[in-house]
Amino acid sequence: MTVNDRERPTHVGFLLIPDFALLAYASAIEPLRAANRLSGRDLYRWSHVSIDGHPAPASNGVSIQADYGLEEGRFDYVVVCAGGNPAAFQHGPTFSWLRQLARRGVRLGGVSGGPYVLARANVLSGYRFTIHWEHAPAFLEDYPELDLRRSLYEIDRDRLTCSGGTAPLDMMHAVIAREHGSELALAVSEWFLQTHVREGAGPQRMPLRERLGISHGPLLRVVGRMEQSLENPVGREELARTAGVSLRQLERLFRLHLGRSLGEHYLGLRLDRARDLLRQTTLSVLEIALACGFASASHFSRAYRQRFGHAPRTERTPSADPVWR
């Protein structure tokens, strides 16, 4: 690396996929601006890339003006920002461009649904990475062989991925610390009122205690086991043994703390997972039924209609083709 290379700002390209998550994008780009401001130097510069060179719409309707289309610009990093339903994104030129960047040694990143796009481009094989928890079930159906982690962020050699939301603040803290020292990284985090910088391996979701608003330990153990066993549901007696109480007592605990029976809660978890898979994958109704612990498509369809008021297939009612198809 020459002196000029060391003095040249690191150029970060943000590839904005239509319906990208604005908060995750902002949490990734703002630390770069803060690093420049607080260091008094141009450590980073950034540009926006869209798949057609036109303004890119975020999921909330805000559009960002693109500086480049695909195949334009020279970058040190390219960070893919996606949201909505990244599993539905199919755009060959984007995938081809990302593979070209990988071959040239450009560091590639993805935030929120961005890692789904990287996987579609086949540039995540051999790397550990993460993705937003909402997209994880569909992703695992599509790419069971890849090394998906349920962490806040992952930095593995020249790949950096983040689950989204505000977690890019934590990831960029790690990037800035690695490239320009922990003192500057801490100053950036303090500037954004980050009183606690989270480690990459931290959990994406709140603990069950906070999510459900209950503090009953045995009940929390049971619900946690349910959430981990949606494809192969655990029997009621086994769940009671997990709690260390009788089945009758466990039923009382569900009614008292959650306002529904054990069976109703478990069924609700499985149907919520099924709805996500219907919306985010091309799996058949039968495949989704089996993936969510139902013995048949007919049983699944009856339960689905009873919970949501319509048949599973209606979740896939075709809409206007997105501009990127």
Measure out, as a whole number of angstrom, how far apart the alpha-carbon centroids of the stretch 241-271 and the stretch 97-161 sit. 37
Rounded to the nearest 5, what is the percent of antiparallel bridges among the DSSP beta bridges in the chain? 20
Length gained, Phe308-Gln228, 0.36 nm per residue minus C-alpha separation, equals 26.5 nm
Taking the dipole about the Cα centre of the chain, with the C-beta of Lys and Arg at +1 and of Asp and Glu at -1, give me whichever of Gly92, Leu148, Leu247 is farthest to the positive side. Leu247
Note: Glu251 to Asp158 extended length (0.36 nm per residue) minus current alpha-carbon separation gives 28.5 nm
Peptide ranges 76-83, 304-311 listed from the most packed, as the mean C-beta count within 10 angstrom indicates: 76-83, 304-311
Compute the relative contact order of the stretch 1-75 as a whole-number percentage, counting only Cα pairs closer than 8 Å that sit 6 or more residues apart in sequence. 36
Roughly speaking, what is the stretch gain from Arg128 to Ala295, that is 0.36 nm per residue apart minus the C-alpha to C-alpha distance, in nm to one decimal? 56.8 nm
With unit charges on the beta carbon (Lys/Arg positive, Asp/Glu negative), name the residue among Trp133, Val79, Thr161 whose Cα is farthest towards the positive pole of the charge dipole of the chain. Trp133
Two pseudo-spin positions, 7 Å from Cα along C-beta at Glu190 and at Arg33, lie apart in nanometres by 2.1
So which residue, out of Ala56, Ala28, Ala240, gets the largest mean-square fluctuation from a GNM of the chain using Cα contacts under 10 Å as springs? Ala240
Given H placed 1.01 Å from N in the peptide plane, which residues other than close sequence neighbours of Ser63 have an amide H under 5 Å from its amide H? Ala58
Let me have the relative contact order for the chain, percent, based on Cα pairs under 8 Å that are six or more residues apart. 14
What angle, in degrees between 0 and 90 and rounded to the nearest 10, separates the Cα long axis of helix 22-39 from the longest principal axis of the Cα atoms of the chain? 40
Rounded to the nearest 10 degrees, the helix 167-180 long axis (Cα) sits at an angle to the longest Cα principal axis of the chain of 40
Neighbourhood charge, 15 Å Cβ-Cβ cut-off, centred on Gly293 and excluding it, Lys, Arg +1 and Asp, Glu -1: -1
Nearest 500 deg cm²/dmol is fine: what mean residue ellipticity at 222 nm does the chain get from its DSSP H runs of n ≥ 4 alone, each adding -39,500 (n - 2.57), divided by its residue count? -13500 deg cm²/dmol
If you place +1 on the Cβ of every Lys and Arg, -1 on the Cβ of every Asp and Glu, and leave all else neutral, what size is the dipole of the stretch 63-175 about its Cα centre, to the nearest 20 Debye? 260
If the convex hull is drawn through the Cα atoms of the stretch 3-191, its volume per residue in Å³: 113
Helix 182-191 sits off the longest principal axis of the Cα atoms of the chain, rounded to the nearest 10 on a 0 to 90 degree scale, by 70
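Values quoted throughout were computed directly from the atomic coordinates according to the rules given, and no laboratory measurement underlies them. Nothing here was measured: the structure is a model prediction, and the numbers come from that model. Neighbour counts run over all protein chains shown; Cβ positions are idealised from the backbone, glycine included.
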